[in-house]
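The values are calculated or read from the model by the stated rules, or taken from the named source; none is laboratory data. In this text, all values refer to a predicted model and were calculated from it rather than measured experimentally. Neighbour counts run over all protein chains shown; Cβ positions are idealised from the backbone, glycine included. With ligands, DNA and RNA removed, areas are computed over all heavy atoms of the protein, side chains included. Shrake-Rupley method; radii C 1.70, N 1.55, O 1.52, S 1.80 Å.
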Amino acid sequence: MRESLTGALQQLPALHVAHGLREGRDEPVVVEAPVALLYNGAPFAVMMATPTDLPDFALGFALSEGIVARPEEFSLVDVVAREEGHALHAAIPQPRFDALALRRRAMEGRSGCGLCGVETLRDALRPVPRVTGSPAVRMAQINQALSQLAQQQPLNARSGGVHAAGFAHAGGLLVREDVGRHNALDKLIGAMAHAHLDPAAGFVVITSRASYEIVHKAATAGIGVVVAISAPTDLAIRVADEAGLTLAAFARGGALNVYAHPARLRD
């Protein structure tokens, strides 16, 4: 287990029942805890997340939510660990902070929902930027990335039920995990920025369905191709079409469906 997974698992008692036999034993369970995001000292959101790769999460969330436009505008000042959760304190330029205050987006996120607590419908469906660039992707590359993704999920291998997002690029596959699919993507976007990887020079594979939030975050980060193992939603398809993002789903067994901008997919 890599060092960044420290604190991601707990051993908790369970009753195992099989073939008429009962056995009490400890089982590894993934940690889900509140993670608060604060900018210039002001609270903005509380997300339920797995408390790993928190610097990646902090930067990736700020980028994918459009709180900052570039990594250089973001500085993680402190990570405060408390018994009840973690607080991520970040500094952003004053104009960005002023714009953030105007959004009045007081969210309480949960592992299954990235939009909980949005105050108005207009806040929920924010404009999506147009994706530029992004190379063509071949099916062989997608199949290889999905195979690698299945092998690079140590947290899921031990606990089950954990989502993963991976960025396939010339140097391999960068992967991040979290109990929430949106959080996994945010962590990945932050890790890409920390590694100075160009979002337009690769594509993303995710273990979840392709929801609106997944597509919007990817487009905001400048990612041009998203491949999901599970199903898309109609809104995700519409947003992908508007953003110029190639969206593929049901990527299993060497097959997939392409729902938006198939020109980037080469066989």
**Report entry** Single condition R105 does not satisfy, out of (1) closer than 11 Å to Y39 by Cβ; (2) crowded, with 17+ Cβ neighbours inside 10 Å; (3) of a type outside the set (V, I, T); (4) modelled with pLDDT under 95
**Finding:** (1)
Report task. Tell me which residues, restricted to region 40-68, are touching a helix residue (DSSP H, G or I) at 6+ places or on another chain (Cβ under 6 Å) and farther than 16 Å from K187 by Cβ. Result -> N40, G66, V68
Requested in this report: Inspect region 136-143 for any residue being in a strand (DSSP E or B), in contact with an Asp or Glu (Cβ under 8 Å, 6 or more places away or on another chain) and either within 30 Å of H261 (Cβ to Cβ) or at pLDDT below 85 (or both) and give the result as yes or no.
Outcome: yes
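Residues checked against (1) of a type in the set (K, R); (2) more than 11 Å from the chain's Cα centre (by Cα):
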| position | (1), (2) |
| --- | --- |
| Q141 | no, yes |
| S159 | no, yes |
| R176 | yes, no |
| D186 | no, no |
| A191 | no, no |
| V225 | no, yes |
Requested in this report: Consider only pairs whose beta carbons are under 6 Å apart and that are at least six residues apart or on different chains; among these, list those whose first residue lies in region 136-156 and is small (G, A, S) and whose second residue is open to solvent by less than 30 Å² (accessible area, probe 1.4 Å).
Outcome: A145/A168; A145/L173; A145/V205
**Report entry** Those residues of region 6-34 which are open to solvent by 60 Å² or more (accessible area, probe 1.4 Å), small (G, A, S) and either within 26 Å of G60 (Cβ to Cβ) or assigned to a strand (DSSP E or B) (or both), in sequence order
**Finding:** G24
Query - Test set (1) in contact with a Leu (Cβ under 9 Å, 6 or more places away or on another chain); (2) aliphatic (A, V, I, L, M); (3) open to solvent by 10 Å² or more (accessible area, probe 1.4 Å); (4) farther than 17 Å from A200 by Cβ - A221 fails condition number - result: (4)
Query raised in the report: Taking region 75-90, which residues are hydrophobic (A, V, I, L, M, F, W, C) and either under 20 Å from P129 (Cα atoms) or open to solvent by 40 Å² or more (accessible area, probe 1.4 Å) (or both)?
Result: L76, V77, V79, A81
Report task. All but one of (1) among the small types (G, A, S); (2) open to solvent by less than 10 Å² (accessible area, probe 1.4 Å); (3) in contact (Cβ under 8 Å) with a residue 40 or more places away in the chain hold for G254, so report the exception by its number. Result -> (2)
Query raised in the report: Got at least one residue in region 228-243 being in contact with a strand residue (DSSP E or B) (Cβ under 6 Å, 6 or more places away or on another chain), in contact (Cβ under 8 Å) with a residue 40 or more places away in the chain and closer than 16 Å to H182 by Cα?
Result: yes
Report task. Find the residue count for region 40-60, including only residues that are of a type in the set (S, T, N, Q) and open to solvent by 50 Å² or more (accessible area, probe 1.4 Å). Result -> 1
**Report entry** Residue that is closer than 20 Å to A69 by Cβ and open to solvent by 10 Å² or more (accessible area, probe 1.4 Å), where the choices are D186, D198, D267
**Finding:** D198
Report task. Check L63, L37 and return the single one that is in contact (Cβ under 8 Å) with a residue 12 or more places away in the chain, open to solvent by less than 50 Å² (accessible area, probe 1.4 Å), assigned to a helix (DSSP H, G or I) and within 20 Å of H216 (Cβ to Cβ). Result -> L63
